[in-house]
Structures are given as C-alpha cells and as structure tokens.
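Notes follow the structure.
The values are calculated or read from the model by the stated rules, or taken from the named source; none is laboratory data. What you see is a predicted model; the values in this text were computed from it and never measured. Glycine gets a Cβ as well: all are built from the backbone with ideal geometry, and neighbour counts include every protein chain shown. SASA here: full protein model, heavy atoms, side chains in, ligands and nucleic acids out. Shrake-Rupley method; radii C 1.70, N 1.55, O 1.52, S 1.80 Å.
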Amino acid sequence: AAAASSRLYHPSPRGIPTNPGISTDASVTSPPDSSGTSPSLQTKMNHPSSTNHPPLPMAGMASATPPPPPPQIFPMMESALESSTAMISEEVSSTSDARRFYRLTFGSVLQLTTCALLATMMCYAAVSPRDLPYLDYNQAFYANLRTIALACLPPLLTSWLVVDVKTNQFPNLVRGFATAFTWGYVLTFGLELLAATWTRLAVFAMWEPRIFDMTPQVPLIVVPWVLREQRMLVKPITLIVQDIVTSAAVCPLLEEWMKLMIFQWVMPRGKNFRWVKKKTASSRTKKAKRKWVAEALEGTDAPPGSPTTPFFQTPGNVINVNHYVSGMLAVSLGLKLADTIRRICMYTKASDANKGFYAFCRGIFPMQELCGTVTVLSLARRDVLGQKMPIWKLLLPSAIIHGMANFRGMKPIFKWNSATPWTEMQLSPNFYYEGATFAELATKAFPKIMWLIILFRVMGYCIKNYYMINRQAVKRTTTYAGKHAAFSAELAAAEMLKKNSKEK
C-alpha cells in the first residue's frame with residue numbers, strides 16, 4: 001500500500017510516468033534503432049546541456065544519484081495505525097492469557113466437584129434437630145448452604161485481587177486448593193492431635209506426675225483426654241501452661257509447616273537458585289566443611305508467550321513472585337475453608353444466633369492467608385533471590401503471628417468444639433451495655449484496636465516485600481546479569497542498611 005501510494009502521488013523527476021508502457025514526450029517519435037533506443041531520445045540522453053532535465057541512465061547502467069526516498073504522506077495516520085496495532089496485539093495477548101488461565105481440565109473439574117460434594121454432605125448432616133419433618137429438614141439444609149456461601153465470598157474476592165492470570169494457571173491453583181481442603185486438612189488434624197497428646201504428657205510429667213498412676217488401667221496415650229472422666233484434679237496453672245504450649249506454639253508451627261509442604265509438593269514454581277551441600281575449606285582450620293551453597297540455575301531462552309516458556313516467567317527471563325503468593329493463597333484458603341465449613345456446621349442449633357454474620361466474619365478473618373504469605377515470601381527470597389533461608393527462619397515469623405491469634409481466642413484445627421465463634425474472631429457480643437462508662441469501653445477496646453493494628457502491619461509487610469522481591473528479581477537479570485556475587489553483596493548491604501535504620 002505504501003509503494004502504491006508513493007507511485008500515485010509522487011511522479012518521476014522528469015515528469016515521465018512511472019508506467020514505462022505510456023509515454024507523454026511528443027519528441028520521442030522515431031522508431032528505435034538496432035540498440036533498442038529511439039534516435040531523438042538517445043540524442044537527449046547524450047547531450048544533457050540541451051535540456052533542463054538531468055540525463056536518464058541507460059538500460060543496464062547504474063544511476064549516478066539514487067532516487068530520493070518517498071516522503072511520508074500521512075505521518076499522523078501511520079502513527080495512529082501503529083498505536084492501534086499495538087493495542088490490538090496487547091488485547092490479543094491478554095485474551096490469550098485469560099483463556100490459558102481459565103482453561104479447565106478434567107482433573108480440575110473433578111477436584112472442585114469433590115470439594116463441593118463434601119461441603120454439601122456436611123451441610124446435610126449438620127441440620128439440627130435431626131428429627132425435623134422432611135420439608136423443614138430441607139429448608140434447614142438450604143439455610144446451611146447459604147451460610148457457607150457467605151463464608152466463601154470474602155476468599156473469592158481476595159483471590160480475584162491477588163491472582164495474576166499472566167503468571168498463573170487455574171488447574172494448578174485448583175489442585176493446591178483441593179489438596180489442602182481434603183487430605184491436607186485431615187493430615188493436619190491428625191498431626192496436631194498427636195502433637196497435643198505428647199505435649200500434654202510432657203507438661204504433666206513435669207508438673208503433675210501423679211496422673212500417670214491411672215496407667216495401665218487407662219492407656220498412656222489416652223490419659224491427657226480423660227482427666228475429667230477419671231475425676232483427676234489438676235492444678236489450674238498446669239492446665240493453662242499445657243494449653244498455651246499446645247495452642248500457641250506447637251499447633252501453629254505444625255499448620256504453617258503443613259501449608260509449606262503442600263505448596264512445595266503440589267504447586268509448580270520457578271527457581272533461580274538451587275541449594276546444595278558442598279565442601280568448603282576454612283581459612284583458619286584448613287579443614288573441609290559441608291555448607292549449603294546457592295547454585296544459579298540457567299533460565300530458558302524461549303521468547304515470552306511461546307509454548308516452551310514457563311507460565312510464571314516474564315520478558316527477560318524474570319520470574320514473577322505472584323505465582324508463589326497465588327499458590328500459597330490457594331493452599332491457605334483450602335485449609336481455612338475446610339476448617340470454617342466444619343465449624344459453621346457445628347453452629348446450627350436453633351438457639352445459635354447470628355449464624356450468617358459469624359460465617360461472613362470467618363471468611364473475612366485473614367489469619368491463614370497472612371501467615372501463608374509471610375512464609376512464601378521468605379521462600380521466594382531463597383529460591384528467586386538466592387538468600388540463605390533455613391527452614392526455621394521460613395516458619396518462625398508466621399508461626400509467631402499464628403500463635404498470637406490462637407492466644408487471643410482463635411482455635412487450632414484439632415479443637416473440635418465451636419460454640420462461641422465470637423471468641424475465635426476476637427469479637428465481643430456484649431461489648432456495649434447500658435450504663436457502661438468510657439473507661440470500661442476503652443479497656444475493652446484497647447486490646448482489640450492493638451490487635452487490628454498488628455494485622456494491618458503484617459499486611460503492609462507482605463505488600464511491601466512482594467513488590468521489593470519482584471523489583472530485585474528484575475534487577476538480578478538486568479543490572480546484575482551474570483554477577484551473582486555482586487547481587488548477593490547488594491542484598492546484604494540493603495539488609496544492613498535496614499537494620500541500622502531500625503536501630504536508629
């Protein structure tokens with residue numbers, strides 16, 4: 001089209017049309033000679049002084065001056081065409097990313113169907129009382145389903161805000177969610193039950209050794225759970241200590257470890273480094289010691305969007321951390337919703353008030369999501385940036401936050417009873433009563449406000465480190481490409497500056 005427009009609007013320098021088959025020069029009337037050129041035209045070519053036009057090159061001869069390039073006719077039109085083409089390509093790319101993300105497989109449909117069937121069976125079995133007539137029983141069953149749907153709304157909104165369709169695949173997220181919802185929850189429940197049993201036995205062995213007199217009539221593993229039935233009196237301080245150690249220390253650590261294990265087993269993720277043990281010679285003792293060393297992995301050279309490019313990789317071989325956060329969010333929501341649905345189904349009596357409100361608050365309470373995000377960001381620092389991060393350093397911050405929540409009333413998974421949901425979400429049904437003074441209200445409100453501030457600080461920490469890790473991942477492949485030592489030194493310097501600023 002550009003060539004046609006240049007021929008149409010720009011004639012040749014001598015006024016001769018671009019079509020060689022049409023001639024408008026009246027002097028070219030003599031028949032051509034043996035060389036194929038008419039005498040009059042050949043005379044004009046050989047004597048350029050007789051005319052004002054430059055000589056034409058002969059056939060087969062190179063032109064002395066190349067013809068000037070045709071100027072741009074419509075620059076604004078061409079720029080608009082280029083911009084519209086770029087917009088169309090971006091829309092096509094985003095559409096293809098969305099299609100790739102929402103592509104369902106048979107396994108994904110089967111996993112989602114299994115989770116929905118389990119939730120429906122729990123709702124049907126949770127109808128209270130059980131001897132209702134057929135129609136009333138169905139109405140109560142539908143009410144349980146609506147209550148569970150209220151609890152699922154906030155997690156859906158959170159997933160929509162966090163998950164990026166360009167760096168994630170829907171079947172992977174479904175697999176992580178379903179794994180945590182089914183056997184992940186069952187395995188966590190069993191591990192916490194065993195850990196609570198042995199923790200209570202250890203505390204009783206130190207503080208109340210006389211309870212072991214019940215053996216062998218009562219099996220040792222059952223002793224911590226039958227103290228009331230056996231009319232065994234235990235000091236209150238002993239019960240408080242064993243409950244704090246179990247609920248605020250052991251169980252939070254187990255839950256965070258289980259979420260990390262499910263994420264590593266199920267979710268595919270990109271790595272820039274692989275940690276291996278190597279022998280390194282010490283400068284002082286001159287003895288070889290085995291230490292964990294980060295080995296850089298070579299990224300793929302395939303262009304973005306090609307079938308061989310990983311879905312989590314962006315242009316420039318940069319691994320986006322969003323698929324780390326999204327995968328851990330799916331695992332955390334699977335564990336959270338399994339526990340939430342179970343507890344909602346245990347709060348279905350006719351005397352239980354505000355069922356829908358407490359169910360919706362259970363969906364909003366973000367403890368599982370925040371703790372999982374803190375853990376997976378540390379994992380991204382280890383695998384994407386190459387920072388040394390042992391397993392205890394991965395789990396300790398999230399376990400502390402989870403333990404604080406359990407200390408304030410949130411129940412670990414192994415605790416079955418759920419008759420007071422307001423204590424689990426740090427809500428007070430009798431916060432205000434008639435005749436309450438300002439000092440009494442302030443005394444009740446102060447710890448809740450402080451706990452809310454801690455939650456917002458943890459959320460700010462997650463958002464800040466998410467963008468920081470992504471920015472450092474880009475810098476690793478651009479500014480520090482092939483310079484692992486310099487990149488590690490830059491990260492260490494940034495960490496030292498952060499510590500110094502905190503001390504000041």
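At a glance:
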quantity	calculated
Filtered residue count, the range 225-256, keeping only those that are touching a residue at least 24 places away in the same chain (Cβ under 8 Å) and of a type in the set (Asp, Glu)	2
Count of the range 102-120 residues which are surrounded by 11 or more Cβ atoms within 10 Å (Cβ to Cβ) and in a helix (DSSP H, G or I)	12
Any chance Phe407 is touching a residue at least 12 places away in the same chain (Cβ under 8 Å), among the aromatic types (Phe, Trp, Tyr) and within 23 Å of Gly190 (Cβ to Cβ)	no
Whichever residue in the range 217-248 is open to solvent by less than 50 Å² (accessible area, probe 1.4 Å) and part of a helix (DSSP H, G or I) and, among such residues, is nearest to Ala195 (Cα to Cα)	Thr246
Some residue of the range 267-281 being touching a strand residue (DSSP E or B) at 6+ places or on another chain (Cβ under 6 Å), closer than 28 Å to Ile401 by Cα and either in contact (Cβ under 8 Å) with a residue 24 or more places away in the chain or in a helix (DSSP H, G or I) (or both)	yes
Failed item in (1) open to solvent by less than 70 Å² (accessible area, probe 1.4 Å); (2) among the hydrophobic types (A, V, I, L, M, F, W, C); (3) modelled with pLDDT under 95; (4) assigned to a helix (DSSP H, G or I), with Leu156 passing the rest	(1)
Criterion (part of a helix (DSSP H, G or I) and in contact (Cβ under 8 Å) with a residue 60 or more places away in the chain) met by exactly one of Phe263, Phe212	Phe263
Restricting the range 460-497 to residues that are open to solvent by 60 Å² or more (accessible area, probe 1.4 Å) and basic (Lys, Arg), the residue that is modelled with the highest pLDDT	Lys464
Residue ID - farthest from Ile413 (Cα to Cα), chosen from residues in the range 175-215 that are β-branched (Val, Ile, Thr) and exposed (fewer than 15 other Cβ atoms within 10 Å of the Cβ)	Thr215
Residue identified as open to solvent by 10 Å² or more (accessible area, probe 1.4 Å), among the charged types (D, E, K, R) and without any contact (Cβ under 8 Å) to a residue 60 or more places away in the chain among Lys415, Lys393	Lys393
Filtered residues of the range 159-174 (kept if touching a helix residue (DSSP H, G or I) at 6+ places or on another chain (Cβ under 8 Å) and either open to solvent by 20 Å² or more (accessible area, probe 1.4 Å) or assigned to a helix (DSSP H, G or I) (or both))	Ser159, Val162, Val163, Asp164, Val165, Lys166, Gln169, Phe170, Pro171, Asn172, Leu173, Val174
Ser398 being at negative phi, free of Cβ contacts under 8 Å to residues at least 40 places away in the same chain and open to solvent by less than 20 Å² (accessible area, probe 1.4 Å)	no
Residue in the range 121-131 that is part of a helix (DSSP H, G or I), open to solvent by less than 50 Å² (accessible area, probe 1.4 Å) and of a type in the set (S, T, N, Q) present	no
Matching residues, the range 423-439, being farther than 26 Å from Met367 by Cα, open to solvent by less than 80 Å² (accessible area, probe 1.4 Å) and at pLDDT 75 or above	Thr437, Ala439
The one condition in (1) part of a helix (DSSP H, G or I); (2) at pLDDT below 95; (3) of a type in the set (Phe, Trp, Tyr) that Phe181 fails to fulfil	(2)
In the range 249-263, the residues that are surrounded by fewer than 21 Cβ atoms within 10 Å (Cβ to Cβ) and touching a Pro at 6+ places or on another chain (Cβ under 6 Å)	none
